[in-house]
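Trainee: The structure that follows is given in the form of structure tokens.
The values are calculated or read from the model by the stated rules, or taken from the named source; none is laboratory data. The structure presented is a predicted model; accordingly, all values stated were derived computationally and were not measured. Cβ coordinates were reconstructed from backbone atoms using ideal geometry, including for glycine residues, and neighbour counts include every protein chain displayed.
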Amino acid sequence: MVALIAICVVFASQSEFFLTERNLTTVLRNSVDLAVVCAGMTIIIILGGIDVSVGGIVAVSAVFIGRAYQLGMPDWVIVPVGLAVGAMLGAINGYIIAKSRVPPIVATLGTMYIYIAVLFLVIGGVWISGLPGTLSFLVLGEFAGLPAGIWIIGGVYGACYLLLRHMPWGQRVVAVGCDEASARLVGIRVDRTKIQAYALLGLLAGFAAVLYVARLRNVEVNIGTNIALEAIAATILGGANIRGGVGSLIGTLLGVIFIKLTQNGLVLIGVSSLWETVIIGGLLITVLVLDALEGRRTA
């Protein structure tokens, strides 16, 4: 929170447009899909896992949504298509990790390349553009005087909070993240919990793809390129422990806001967009180093 206030002060002093209502609304609309993915990433990191293929899941889901639009399918079919594709790909990740005992970062790195290959095979290196804006209200609309993005983020994070903190399944996720061996000994079905958690992340990635297409009305060739890095960075910046067992959805949401405001502020003051990834990566390394030092001190 202190860092968030600090960057707001710095960028506001450098650009008169930074704290305007129009700019903040634009930042919110551009943050919705990342925020949705980060809710699922928080659960995965609490579980003790990680998913670097989430950008590929968003991309493949968006491609299927775009193709469904081109085939003339109605909205009530298109949205479930995106959710189903995302959930299926996430479940595949979970199954590979749970059954093969392959480290999550290795397994999802492999599936990431597969999903990217699927993306290029389906769209042939050409954008899917000119899609109808029938779902644009999900991102660009307003309800009860508030931007639709606030309602979507509130609904997703509220549901994930209840699931994680007030349901037995959430307790199993935390138990597996704290000590997988002990979780098995007390009767928790660890493999099933992992598959379900990765499927949930995939479902949310599919929903993020719906929001992405609704906002931009096209599917780019490089869609989802940085979303995995940004999602992991926001979750870690928000206080999640990369070793599992600890995480905060509110902290993650603050991490999302921090990253998106930083990116927006850099654009407004004329810094090249190439520096965005450098800064986010540097922040991630800094937080991980501080976390490791704090862990050693506590031990």
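Trainee: Taking the stated definitions as given, is G224 on the phi > 0 side of the Ramachandran plot, buried (at least 24 other Cβ atoms within 10 Å of the Cβ) and part of a loop (DSSP other than H, G, I, E, B)?
Mentor: Values: on the phi > 0 side of the Ramachandran plot: yes; buried (at least 24 other Cβ atoms within 10 Å of the Cβ): yes; part of a loop (DSSP other than H, G, I, E, B): yes.
Yes: the conditions hold for G224.
Trainee: Turning to a different aspect of this structure: Hey, among the residues in segment 59-85 that are under 23 Å from A117 (Cβ atoms) and in contact with a Phe, Trp or Tyr (Cβ under 7 Å, 6 or more places away or on another chain), which one's surrounded by the most Cβ atoms within 10 Å (Cβ to Cβ)?
Mentor: A62
Trainee: Sort through V190, V173 and tell me the only one that's out of contact with any strand residue (DSSP E or B) (no Cβ under 9 Å at 6 or more places or on another chain), modelled with pLDDT of 90 or more and over 22 Å from T252 (Cα atoms).
Mentor: Every option except V190 fails the conditions.
Per-residue answers, yes or no, for (1) hydrophobic (A, V, I, L, M, F, W, C); (2) farther than 16 Å from M41 by Cα; (3) in contact (Cβ under 8 Å) with a residue 40 or more places away in the chain:
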| position | (1), (2), (3) |
| --- | --- |
| W76 | yes, yes, no |
| R101 | no, yes, no |
| I105 | yes, no, yes |
| M112 | yes, no, yes |
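Trainee: Taking the stated definitions as given, is L4 farther than 21 Å from N218 by Cα, surrounded by fewer than 16 Cβ atoms within 10 Å (Cβ to Cβ) and not small (G, A, S)?
Mentor: Values: farther than 21 Å from N218 by Cα: yes; surrounded by fewer than 16 Cβ atoms within 10 Å (Cβ to Cβ): yes; not small (G, A, S): yes.
The answer is yes for L4.
Trainee: Would you mind stating whether G48 is without any contact (Cβ under 8 Å) to a residue 12 or more places away in the chain and on the phi > 0 side of the Ramachandran plot?
Mentor: Here the answer is no, as G48 does not meet what is asked.
Trainee: Moving to a separate point now. If you go through segment 254-262 one residue at a time, do you hit one that is under 19 Å from V37 (Cα atoms), assigned to a helix (DSSP H, G or I) and charged (D, E, K, R)?
Mentor: Checking segment 254-262: at least one residue is under 19 Å from V37 (Cα atoms), assigned to a helix (DSSP H, G or I) and charged (D, E, K, R).
Trainee: Which of the residues spanning segment 1-26 are β-branched (V, I, T) and over 25 Å from the mean Cα position of the chain (by Cα)?
Mentor: Step one: list which residues in segment 1-26 are β-branched (V, I, T), which gives 2, 5, 7, 9-10, 20, 25-26.
Correct list: V9, V10, T20.
Trainee: Turning to a different aspect of this structure: So which residues in segment 16-47 are surrounded by 24 or more Cβ atoms within 10 Å (Cβ to Cβ) and either among the acidic types (D, E) or over 23 Å from N241 (Cα atoms) (or both)?
Mentor: V32, D33
Trainee: Is it the case that V156 is closer than 22 Å to I227 by Cα, touching a Phe, Trp or Tyr at 6+ places or on another chain (Cβ under 8 Å) and either modelled with pLDDT under 85 or part of a helix (DSSP H, G or I) (or both)?
Mentor: In short, yes.
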